[in-house]
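Only one structure is covered here, and it is reproduced in the block below.
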Amino acid sequence: MKLYLDTANVQEIREIHAMGVLSGVTTNPSLVAKALTQAGERFESEAAFYERFTGVVREIAELVQAPVSAEALSTDADGMVAEGKKLAALSEHVVIKLPVTAAGLAACRRLADEGVAVNMTLIFSANQALLAARAGARYVSPFLGRIDDTGWSGVELVRTIREIYDLHGIEAEIIAASIRHPQHVTEAALAGADIATIPYGVFKALLKHPLTDIGIERFLSDWEKAKQEL
Ligand code: G3P
């Protein structure tokens, strides 16, 4: 399973990218708004905000040189296609994120036919994942945490989509999204997700283990002791 970072914060991406484990980045409008407002940026118009958004997407793509999902905000198919084409022109690495609605599916088909990669998002059922794949999506994003919030299991949905895709030779890649904790990452990998897109805090938590820290401390102090005795 490949590891993506689910953020629009360039500092966070820079830090995780430096570890050499990152295969891509996903953003969404909430994450972009959070990253820009957290940085205290102010905008005179919606056009200026959108311009900054596209600048951030380009910067992330240049940095990671790997797929970067950027969401179209239109709700009609023509608007999604127009936005998708503009975003795709920013970099060969940009993937267009569209919601799994009737308009989203229609736009996905049109963009896919023109060779634009689409990540169909807000997937909450196996049938939505089947529709997305048949509309030509390169990626589908089931939202694990938000499914768990409703009392069902996001990991079970990933397992079901995997089974359907394998049974029918469907090549769309499954991105486990709305990851909330490290256990989601392990379980998504076991359920057959191709990719997990992980928030910064959870990504950092994947690495942490107290015994690793204790082990390093002990190795170094034993080494120091041995040096004293030379
Ligand atoms: O990848 C989708 C993610 O950004 C949504 O996460 O925690 O808001 O459900 P969450």
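Based on C-alpha pairs under 8 angstrom that are at least 6 apart in sequence, segment 1-107 has a relative contact order of 25 percent. Near Val21, once Lys and Arg are set to +1 and Asp and Glu to -1 for all other residues with Cβ below 14 Å from its Cβ, the sum equals +1. When all alpha carbon pairs of segment 57-129 are counted in 5 Å bins from zero, the resulting P(r) reads 3, 20, 29, 22, 15, 8, 2, 0 %. Segment 5-96 gives an Rg/Rh value of 0.96, both radii derived from C-alpha positions and Rh following Kirkwood.
Couplings for segment 93-103, taken from phi via the Karplus curve 6.51 cos²θ - 1.76 cosθ + 1.60 with θ = phi - 60°, read 8, 6, 10, 8, 9, 10, x, 7, 10, 4, 5 Hz in order; Gly and Pro are left as x. Annotation: aspartates and glutamates with alpha-carbon distance below 17 angstrom to Lys85 (same-chain offsets under eight excluded): Glu51, Glu71, Asp76, Asp113, Glu114. Partners of Lys86 within straight-line reach, counting lysines whose Cα lies under 25 Å from its Cα and excluding those fewer than 8 residues away in the same chain: Lys34, Lys97.
By other beta-carbon atoms within 10 Å, ranking Tyr165, Tyr4, Tyr200 with the fewest at the front produces Tyr200, Tyr165, Tyr4. Contact order for the chain, expressed relative to its length and based on alpha carbon pairs under 8 Å spaced 6+ residues apart, stands at 16 percent. Protection proxy ranking of 41-50, 175-184, by the mean of other Cβ atoms within 10 Å over each peptide's residues and highest first, is 175-184, 41-50. For segment 4-143, the dipole from Cβ point charges (+1 on Lys and Arg, -1 on Asp and Glu) about the Cα centre works out to 320 debye, to the nearest 20. Amide hydrogen proximity for Lys97: with H placed 1.01 Å from N in the peptide plane, the residues at 5 or more positions away or on another chain lying under 5 Å are Ala70, Glu71, Ala72, Asn119.
For segment 82-203, the residue among Ile164, Ala103, Gln183 whose Cα projects farthest onto the positive side of the dipole built from Cβ charges is Ala103. Extents of segment 1-54, largest first, come to 40, 18, 15 Å (Cα atoms, principal axes, whole angstrom).
Restricting the calculation to Cα atoms, every distinct pair contributes to the Kirkwood radius of segment 89-192, found to be 13.8 Å. If you wrap the tightest convex hull around every Cα atom of the chain and split its volume per residue, you get 154 Å³.
Evaluated at q = 0.12, 0.13, 0.23, 0.25 Å⁻¹, a Debye calculation over the C-alpha positions of segment 165-230 (equal weights, vacuum) places log10 I(q)/I(0) at -0.52, -0.56, -0.94, -1.02. Near Pro199: Cβ cut-off under 14 Å, other residues only, Lys/Arg at +1 and Asp/Glu at -1. The net charge is +1.
Using a Gaussian network model of the chain in which every pair of alpha carbons under 10 angstrom is joined by a spring, one finds that among Leu111, Leu73, Leu207 the greatest mean-square fluctuation is at Leu207.
Inter-part distance, segment 54-117 to segment 1-41, computed on C-alpha centroids, equals 17 Å.
Any read-out appearing in this document is the output of simple, stated calculations on the displayed coordinates, not a laboratory observation. What you see is a predicted model, and the numbers here were worked out from it, not measured in a lab. Note that we place each Cβ from the backbone using ideal geometry, even for glycine, and neighbour counts take in every protein chain shown.
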